[in-house]
1. Is it the case that some residue within region 94-111 is surrounded by 16 or more Cβ atoms within 10 Å (Cβ to Cβ), aromatic (Phe, Trp, Tyr) and either on the phi > 0 side of the Ramachandran plot or in contact with a helix residue (DSSP H, G or I) (Cβ under 7 Å, 6 or more places away or on another chain) (or both)?
2. Give Leu82, Leu30 a once-over and let me know the one that is in contact (Cβ under 8 Å) with a residue 24 or more places away in the chain, surrounded by 19 or more Cβ atoms within 10 Å (Cβ to Cβ) and part of a helix (DSSP H, G or I).
3. Any residue in region 419-431 that is surrounded by 16 or more Cβ atoms within 10 Å (Cβ to Cβ) and within 26 Å of Pro327 (Cα to Cα)?
4. For region 467-491, give me each residue that is within 13 Å of Gly454 (Cα to Cα), touching a Phe, Trp or Tyr at 6+ places or on another chain (Cβ under 6 Å) and assigned to a helix (DSSP H, G or I).
5. For Ala181, are the conditions met, namely being modelled with pLDDT of 90 or more and crowded, with 24+ Cβ neighbours inside 10 Å?
6. Residues that are surrounded by fewer than 23 Cβ atoms within 10 Å (Cβ to Cβ), within 28 Å of the chain's Cα centre (by Cα), in a helix (DSSP H, G or I) and in the same structural domain as Arg105 (by TED's automatic domain parsing): does region 254-272 have at least one?
Amino acid sequence: MTARSHWNGVRMRTVEAAADPDDAPRSVTLPADWDDTAAEALARLTPGHGPASLPDEAAHWIDDLCMDGTAGPAVRPVARALSCLLLMRQAAPTQDLWHGHHDRRPGFVVNLAAFVEADNSFMARDFVAALRLLARMLRMIAQYRQPLCNGELPLPDPTQRTASHLRAVLPAMPPQPPCVAGSLLLTNLDACLAGLGFDYDSESGRDAACSIVALATLVAHAGEGADAMPLPPVRSILPGVSQIARNVWQEAAVEIDQPAARVETGFSTSGPIDALLGVEACGLAPVFSPLRPDGRLATSTLARLACRGLTLEAAFAATLAGESVLPLPSAASHQAMHRALSGFVDRAPPRPDATRDVLATRAGLERGVRRPLPARHGGFTQKASVGGHRLFLRTGEYADGALGEISLTPTRESPMVRGLMDTLGQAVSIGLQYGVPLESYVEAFAYTQFGPAGTVEGDPVASYATSMLDYAFRALSDAYLGRRLPDAPHEEIMADSPAPMLPLDLPGSGNDDGDDTPPRRRRLRLVG
């Protein structure tokens, strides 16, 4: 039996893709309607440097899973169902299970956005059927592949050799909890909400997300006993989902003698499996950009425009008029979604940080792409003086108000000082455009001590600064972070430093050797 035949009749295309920009391209065969990002993900998943084909690679892990537990006439329906889930980009195994590493916990990644119909409704019955199949496969893997796990080799039970008259004396061992068979990892939540017509940063969007995630957890825990069944949400705004969830709960919440192996639910992390499924935002994170990597509008963007009744022309005209047609979700909305879903999932991801600019962090650090400032941008220019030395601080801002560029220009300093300050400003600007948070620069340069230092004039953000950099980055912290840092204790930094360029300790009249010759007039030489 081979699952390769299940792909017969599917239109394919072959592209040149590489797992890494430094690697040589290789031929990758995949469905014709899949994008180039999926081809790069398949190149990463396929070892070696030769051609890679999605039907061949999928047949490897599908045949491997269906070899042990499903025998006879049940083989072909299960294998065909797994192939269809991958073809429709609804589910795929994790990277370890894809490569057949059975010594690690298996799992499946479930693309929530692929279960949204064209009429903005959620395919709850298909969702439940798919999760039941995946949970069954995970429990089958745990049953037949458990001896291959590290540290779980089958060993003889020493209690079998205990004498019969001693067994009554030994205390009864408490029942061990069932082993974890695997994980069902949900992903692409924001794109799913966009297809349903809900905004990520809204109460209705969080209610819909809770209903979908709770339904997934109910299906995953079916067969584990009544105590393992979580309660569904109080209300659901998705038509039909609440009734299906109640039916699943009533069927599964029964007392059983031998509970099934535990299947946990969670959220996926960024990786090649998410890219293979066409995921726009992994896990429960929001979609950070309305554009695809190739520059076209993302599927979630088109869905949100359609739900608002806007055509592309109308949305473009509104954007030119200065209106915010599709506001991007903030880190606070990401944190609110995490807080709402943490009670309906077994393993929640780490709590997101609401104080960091998520857009700049994702665009800069994860993708390694510089986010340059537009040719015309906003900002401010601040003129101040530190210890009598004048300084101009200029900033450049993105359209969302985030800092992307700074310039430090001292007016009456030497060319070397002006060049060093200008170079430092350019270095900080490049780091900001690559996603380095401003907090890191403030922590590094605030309260640095070197001359000139002293009283600050022209800016009420500080009355005293230990250096020009101290004043500049404390001013940036007040303007862009909302934190006004206090002044450092006043210190005369240059009090003990000599002035080698101006030798003012001139001798008195006359010479020390008793010579009556008039002293030679000394002149100060200016050193530029």
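1. Residues of region 94-111 that are surrounded by 16 or more Cβ atoms within 10 Å (Cβ to Cβ), as a first pass: 94-95, 97-99, 102, 105-111.
If we keep only those that are aromatic (Phe, Trp, Tyr) as well, we get 98, 108.
With either on the phi > 0 side of the Ramachandran plot or in contact with a helix residue (DSSP H, G or I) (Cβ under 7 Å, 6 or more places away or on another chain) (or both) added as a condition, the list becomes 98, 108.
Scanning region 94-111, I find at least one residue that is surrounded by 16 or more Cβ atoms within 10 Å (Cβ to Cβ), aromatic (Phe, Trp, Tyr) and either on the phi > 0 side of the Ramachandran plot or in contact with a helix residue (DSSP H, G or I) (Cβ under 7 Å, 6 or more places away or on another chain) (or both), so the answer is yes.
2. Details: Leu30 fails: part of a helix (DSSP H, G or I).
Going through Leu82, Leu30 in turn, just one is in contact (Cβ under 8 Å) with a residue 24 or more places away in the chain, surrounded by 19 or more Cβ atoms within 10 Å (Cβ to Cβ) and part of a helix (DSSP H, G or I): Leu82.
3. yes
4. Across region 467-491, the qualifying residues are Leu469, Asp470.
5. Values: modelled with pLDDT of 90 or more: no; crowded, with 24+ Cβ neighbours inside 10 Å: yes.
Answer is no for this residue.
6. yes
So that you can scan it fast, the table gives a plain yes or no per residue for (1) more than 37 Å from the chain's Cα centre (by Cα); (2) of a type in the set (Phe, Trp, Tyr):
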{"position": "Ser407", "(1), (2)": "no, no"}
{"position": "Met416", "(1), (2)": "yes, no"}
{"position": "Ala446", "(1), (2)": "no, no"}
{"position": "Tyr464", "(1), (2)": "yes, yes"}
{"position": "Leu469", "(1), (2)": "no, no"}
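Listed here are the residues, each with its yes/no results for (1) in the same structural domain as Arg80 (by TED's automatic domain parsing); (2) within 17 Å of Leu276 (Cα to Cα); (3) in contact with a Phe, Trp or Tyr (Cβ under 9 Å, 6 or more places away or on another chain).
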| position | (1), (2), (3) |
| --- | --- |
| Asp22 | yes, no, no |
| Asp36 | yes, yes, no |
| Glu40 | yes, yes, no |
| Leu45 | yes, yes, yes |
| Ala52 | yes, yes, no |
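The values are calculated or read from the model by the stated rules, or taken from the named source; none is laboratory data. Note that the structure is a prediction, hence the values are computed from the model and not measured. FYI the Cβ positions are ideal-geometry reconstructions off the backbone, even for glycines, and counts take in every protein chain you see.
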